[in-house]
1. Yes or no: residue 82 under 24 Å from residue 141 (Cα atoms), open to solvent by less than 80 Å² (accessible area, probe 1.4 Å) and either modelled with pLDDT of 90 or more or hydrophobic (A, V, I, L, M, F, W, C) (or both)?
2. Can you tell me which residue within region 10-25, out of those that are open to solvent by 20 Å² or more (accessible area, probe 1.4 Å) and within 22 Å of residue 98 (Cα to Cα), is farthest from the chain's Cα centre (by Cα)?
3. For region 98-127, name all the residues that are free of Cβ contacts under 8 Å to residues at least 40 places away in the same chain and hydroxyl-bearing (Ser, Thr, Tyr).
4. Within region 22-41, can one find any residue that is small (Gly, Ala, Ser), in contact (Cβ under 8 Å) with a residue 24 or more places away in the chain, within 25 Å of residue 121 (Cβ to Cβ) and not in a strand (DSSP E or B)?
5. What tally of residues in region 59-82 results from selecting those that are among the small types (Gly, Ala, Ser) and in a helix (DSSP H, G or I)?
6. Can residue 47 be described as in a strand (DSSP E or B) and free of Cβ contacts under 8 Å to residues at least 40 places away in the same chain?
7. For the condition out of contact with any Cys (no Cβ under 6 Å at 6 or more places or on another chain), of a type in the set (D, E, K, R), free of Cβ contacts under 8 Å to residues at least 24 places away in the same chain and over 14 Å from residue 96 (Cα atoms), what is the one hit in 135, 130?
Amino acid sequence: MRLQVARIGKPHGIRGEVTVQVLTDAPQERFVKGEVLHVTGGPVAELTIKNARWNKAILLLSFDEIADRNVAETLRGARLEIEADEAPDNDSDEWYEHELLDLKVMLDGTQVGVVTALRTNPAQDLLVFEDSSGEEVYLPFVDEFVPEIDTEAGTLTITPPAGLLELNVEEEEPKGEQN
């Protein structure tokens, strides 16, 4: 089983370095010189880390196989993955994005959407799902708002705070009223 540890962003500089969105709790262990990462959605199958360094809060990676900015640009949006050494503990409260993708989002017994992503952030993770009207909804991925995940049934139950699902919905102006 492979686990995604990063998503490649834009090139940085002219020597093939790229920015990455870190999707692991242990970047200092995952992004070391000589580490071979699997690539999904990119022009190559594997990349070997040449150098990893932080520029403020952004991780910059260079790879043995990438020599210039033009080639680095072809990697934009690719996913960097590692082979998981051990099966995840089923009793754990930790979830990987691939385990949640495409689960039906349920609210009070009714499907209100489908999970499309899990965004990992320093403060807390965000569950991303597409609602029935095609809008993207972000929900803090905490026990209070996501109390039950049943991968066998293919469902995820949410209990969002009042008004969260309607937060970005545009209201139609009542007909007959003119300003």
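1. yes
2. Taking the candidates together, the pick is 25.
3. If the condition is that a residue be free of Cβ contacts under 8 Å to residues at least 40 places away in the same chain and hydroxyl-bearing (Ser, Thr, Tyr), then 110, 116 are the ones that fit.
4. yes
5. 1
6. yes
7. Just a single option satisfies the conditions, and that option is 130.
The values are calculated or read from the model by the stated rules, or taken from the named source; none is laboratory data. All values derive from a computational prediction rather than experimental measurement. In this analysis, Cβ positions are derived from the backbone assuming ideal geometry, glycine residues included, and neighbour counts consider all displayed protein chains. Surface accessibility is based on the protein's heavy atoms, side chains included, excluding ligands, DNA and RNA. Shrake-Rupley method; radii C 1.70, N 1.55, O 1.52, S 1.80 Å.
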